[in-house]
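Take a look at the structure set out below.
The values are calculated or read from the model by the stated rules, or taken from the named source; none is laboratory data. Computed from a prediction, not measured in an experiment: that's the story for all the values here. Here Cβ is always computed from backbone atoms with ideal geometry, including for glycine, and neighbour counts include all displayed protein chains.
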Amino acid sequence: MSQLEKLYFRLKALGVPEDSYYLQGLYGSTSDNDKLAMMVTKGKYVVEYEMYYKERGQKHIIQIFTDFDIASNYFIERLTK
């Protein structure tokens, strides 16, 4: 089971609606417009987890993490406020 899949199941268990987030295009909404999103990217030396909100086609970066556990906890915190 991938890390994103584990995050998806955590969000599902918390009752977070799938249409309120976007996870790499694999889980959640089918579009990242007007959603909190997380993308996994290859950084210069490590894997990065980029969290952003896309509004009217403009991507606003909220945070970039190098630790998945910290990134996923922050993602959940933002969605469950």
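Whether any residue in region 41-63 is among the polar types (S, T, N, Q), part of a loop (DSSP other than H, G, I, E, B) and touching a strand residue (DSSP E or B) at 6+ places or on another chain (Cβ under 9 Å) is what I want to check.
Keep residues of region 41-63 that are among the polar types (S, T, N, Q), which gives 41, 58, 63.
Okay, now just the ones that are also part of a loop (DSSP other than H, G, I, E, B), so none.
No, region 41-63 contains no residue that is among the polar types (S, T, N, Q), part of a loop (DSSP other than H, G, I, E, B) and touching a strand residue (DSSP E or B) at 6+ places or on another chain (Cβ under 9 Å).
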Requested in this report: Within region 30-58, track down each residue that is closer than 18 Å to Glu77 by Cα and under 11 Å from the mean Cα position of the chain (by Cα).
Outcome: Lys35, Leu36, Ala37, Met38, Met39, Tyr49, Glu50, Met51, Tyr52, Tyr53
Query raised in the report: Any residue in region 5-21 that is modelled with pLDDT of 95 or more, in contact with a Leu (Cβ under 6 Å, 6 or more places away or on another chain), hydrophobic (A, V, I, L, M, F, W, C) and not in a strand (DSSP E or B)?
Result: yes
Requested in this report: Output the residues belonging to region 22-40 that are assigned to a loop (DSSP other than H, G, I, E, B) and either closer than 16 Å to Ser2 by Cβ or of a type in the set (Lys, Arg) (or both).
Outcome: Gln24, Gly25, Leu26, Lys35
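In the set Tyr45, Tyr74, Tyr21, Tyr52, which member is free of Cβ contacts under 8 Å to residues at least 24 places away in the same chain and either among the β-branched types (Val, Ile, Thr) or surrounded by 18 or more Cβ atoms within 10 Å (Cβ to Cβ) (or both)?
Tyr52
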